[in-house]
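Before any comments, here is the structure.
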Amino acid sequence: MDCFESIIKRRSIRKFNREAVSTELLKELVKYGSMAASGMNVQPLKYIIATSDEKCSEIFKHTRWAGYLKGKGSPSFNERPAAFILVLNDNELRKSGYELDAGAAVQNILLAAHAAGLGTCWLGAIDYEKINEITGIEDRYKLISAIAVGHPAQKSISEPSHGDIKYYLDDEEVLHVPKRGLNEVILNIF
Ligand SMILES: Cc1cc2nc3c(=O)[nH]c(=O)nc-3n(C[C@H](O)[C@H](O)[C@H](O)COP(=O)(O)O)c2cc1C
């Protein structure tokens, strides 16, 4: 799969089969994250990989999914992700501005995972304090985002938005994700 296809076809996946994802593959995804652009090339981001049933279940309890679908978009017990990658800032390396680094790194991970046949969901609606406790994150680090990773068990497609950007499920449980068109997002061409 080329870069263009991965960018266009990647969608957030919120239902997974329970097949494991190897630590080696997850480490490779982190490698792609760490190759992202970084302000002043400081590279302040650190990562935690969780694959054990115990840790993943604990983290899962403190995540929230698909707000627009009002409960219908969350993975059921058997549809939970096989792994989580937590993205953290190292406060000793960078005190502010790291969010943009994190955005670039997370997107690399999502695209690489898609190219590898995996599904991901970027999770920002998480209980930061609880996940800090569960994973023993020290004060030096600030949790920024979690990424759910697993083998996809859901079909999600993009479509042109016609004013409404809320994603929705159709009768066949396919997720439709409206995307704004170029006529809307390009303000001007000089
Ligand atoms: C910063 C950020 C935080 C997000 N947090 C969540 C979240 O907590 N739960 C969730 O289900 N999806 C979350 N998403 C996924 C978005 O809902 C998703 O990207 C959006 O609906 C577009 O769908 P797509 O990723 O398939 O293009 C987040 C995405 C971003 C960029």
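Here are a few things to note about the model shown:
- Residue within the range 75-82 that is within 14 Å of the ligand (Cβ to nearest atom), touching a residue at least 24 places away in the same chain (Cβ under 8 Å), hydrophobic (A, V, I, L, M, F, W, C) and in contact with a strand residue (DSSP E or B) (Cβ under 8 Å, 6 or more places away or on another chain) present: no
- Residue among 159, 129, 133 that is of a type in the set (Asp, Glu), surrounded by fewer than 15 Cβ atoms within 10 Å (Cβ to Cβ) and within 25 Å of residue 1 (Cβ to Cβ): 159
- Residues within the range 79-106 that are among the aliphatic types (A, V, I, L, M) and not in a strand (DSSP E or B), tallied: 7
- Test: residue 168 is more than 20 Å from residue 80 (Cβ to Cβ), among the hydroxyl-bearing types (Ser, Thr, Tyr) and more than 14 Å from the ligand (Cβ to nearest atom): no
- Exactly one residue out of 161, 145 is within 14 Å of the ligand (Cβ to nearest atom), closer than 30 Å to residue 95 by Cα and of a type in the set (S, T, N, Q), and it is 145.
- Residues of the range 159-190 satisfying the condition of being under 24 Å from residue 102 (Cα atoms) and part of a strand (DSSP E or B): 177, 179
- Hits in the range 124-147 - residues which are out of contact with any helix residue (DSSP H, G or I) (no Cβ under 8 Å at 6 or more places or on another chain), farther than 14 Å from residue 58 by Cβ and in contact (Cβ under 8 Å) with a residue 60 or more places away in the chain: 141
- Candidate set from the range 83-112 (those that are in contact with a Pro (Cβ under 6 Å, 6 or more places away or on another chain) and farther than 25 Å from residue 55 by Cβ); member that is nearest to the ligand (Cβ to nearest atom): 94
Quick note: the coordinates plus some simple rules give every number you see, no bench work behind them. What you see is a predicted model; the values in this text were computed from it and never measured. Neighbour counts are summed over all protein chains in view; Cβ atoms, including those assigned to glycine, are modelled from backbone coordinates with ideal geometry.
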